[in-house]
Amino acid sequence: MQRKYLAQTVARLNATTWADDATGLLDQVLNRGLVGQVAMVSSFGAESAVLLHLLAQVQPAAPVIFIDTQMLFAETLDYQADLASRFGLRDLRRVTADELTLRRTDPWGNLHQSNTDACCDIRKTQVLDRALAGFDGWISGRKRHQAGTRAALELFEADEAHGRIKINPLAYWSAADIAAYFEAHDLPRHPLVARGYPSIGCAPCTSAVGAGEDARAGRWRGQDKEECGIHFVDGKWVRTAA
């Protein structure tokens with residue numbers, strides 16, 4: 001989609017009244033072709049069960065892309081299998097980095113120790129770019145409450161680099177809203193949540209979070225980095241807080 005038209009479309013969509021109706025938004029996107037062909041991208045992380053459950057109620061056959069970086073916690077892989085089975089997801093797509101690329105750029109699996117940006121690019125960003133080829137938009141589970149870099153998040157964003165629209169159905173949901181949904185629908189929590197991991201990524205680059213810390217404080221702790229590279233603001237890759 002051309003940049004000008006993409007920006008106009010996103011502005012129009014954000015003027016709608018779906019802020020409090022995630023189910024209605026998903027129905028429009030998944031069943032009524034609001035933005036064309038769409039896939040959901042899920043990390044099967046700490047809060048992922050909510051959006052996956054909503055999707056399963058609206059359209060369980062919708063494509064769900066799961067990026068397996070091959071450095072995930074074993075608990076995440078188990079959780080992914082559990083939720084996919086429990087919710088009856090019919091088109092789960094597990095995607096990984098190209099083996100030739102890994103052999104050439106990270107043969108020992110330790111690139112994250114010297115260059116986390118490059119590691120994320122190889123194991124996440126490039127993988128997602130390939131997985132989303134042919135799609136007009138993709139659904140993300142990001143929310144405003146998760147981090148300062150997401151405080152102004154809207155329901156729809158322009159992914160100008162790829163001419164796609166990103167949809168954030170839960171952008172306005174608070175932590176309390178998420179907790180209430182988990183309880184109301186008796187959804188299982190990611191096993192690591194109880195151990196102090198409110199945001200869960202790859203095992204080598206994720207640590208537990210202390211009382212009073214930002215939910216994403218345990219991601220790339222001690223580094224000038226807050227996003228893996230698959231998320232953008234105003235069409236630009238977000239690496240640090242604004």
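The values are calculated or read from the model by the stated rules, or taken from the named source; none is laboratory data. Predicted model only: the values in this text are computed from it and were never measured. Neighbour counts are summed over all protein chains in view; Cβ atoms, including those assigned to glycine, are modelled from backbone coordinates with ideal geometry. All accessible areas refer to the heavy atoms of the entire protein, side chains included, with ligands and DNA or RNA removed. Shrake-Rupley method; radii C 1.70, N 1.55, O 1.52, S 1.80 Å.
When region 2-53 is filtered for residues that are among the hydrophobic types (A, V, I, L, M, F, W, C), more than 26 Å from Val193 (Cα to Cα) and in contact with a helix residue (DSSP H, G or I) (Cβ under 7 Å, 6 or more places away or on another chain), the ones remaining, listed by number, are Trp18, Leu26, Leu30, Leu34, Val35, Val38. Just so you know, in region 182-228 the residues that are open to solvent by 30 Å² or more (accessible area, probe 1.4 Å), modelled with pLDDT of 95 or more and assigned to a helix (DSSP H, G or I) include one that is nearest to Leu111 (Cα to Cα), and it is Glu183. Across region 74-114, the qualifying residues are those that are buried (at least 19 other Cβ atoms within 10 Å of the Cβ) and aromatic (Phe, Trp, Tyr), and the one among them that is nearest to Thr125 (Cα to Cα) is Tyr79.
For region 45-53, check the following and say yes or no: at least one residue is in contact with a strand residue (DSSP E or B) (Cβ under 9 Å, 6 or more places away or on another chain) and either more than 19 Å from Arg142 (Cα to Cα) or free of Cβ contacts under 8 Å to residues at least 24 places away in the same chain (or both).
no
Given the condition touching an Asp or Glu at 6+ places or on another chain (Cβ under 7 Å) and either under 27 Å from Arg189 (Cα atoms) or crowded, with 19+ Cβ neighbours inside 10 Å (or both), answer yes or no: does some residue in region 129-137 qualify?
Narrowing region 129-137 to residues touching an Asp or Glu at 6+ places or on another chain (Cβ under 7 Å): none.
Within region 129-137, not a single residue is touching an Asp or Glu at 6+ places or on another chain (Cβ under 7 Å) and either under 27 Å from Arg189 (Cα atoms) or crowded, with 19+ Cβ neighbours inside 10 Å (or both).
Taking region 82-128 as the range and being hydrophobic (A, V, I, L, M, F, W, C), in contact with a Phe, Trp or Tyr (Cβ under 9 Å, 6 or more places away or on another chain) and free of Cβ contacts under 8 Å to residues at least 60 places away in the same chain as the test, the residues that pass are Ala84, Leu92, Val95.
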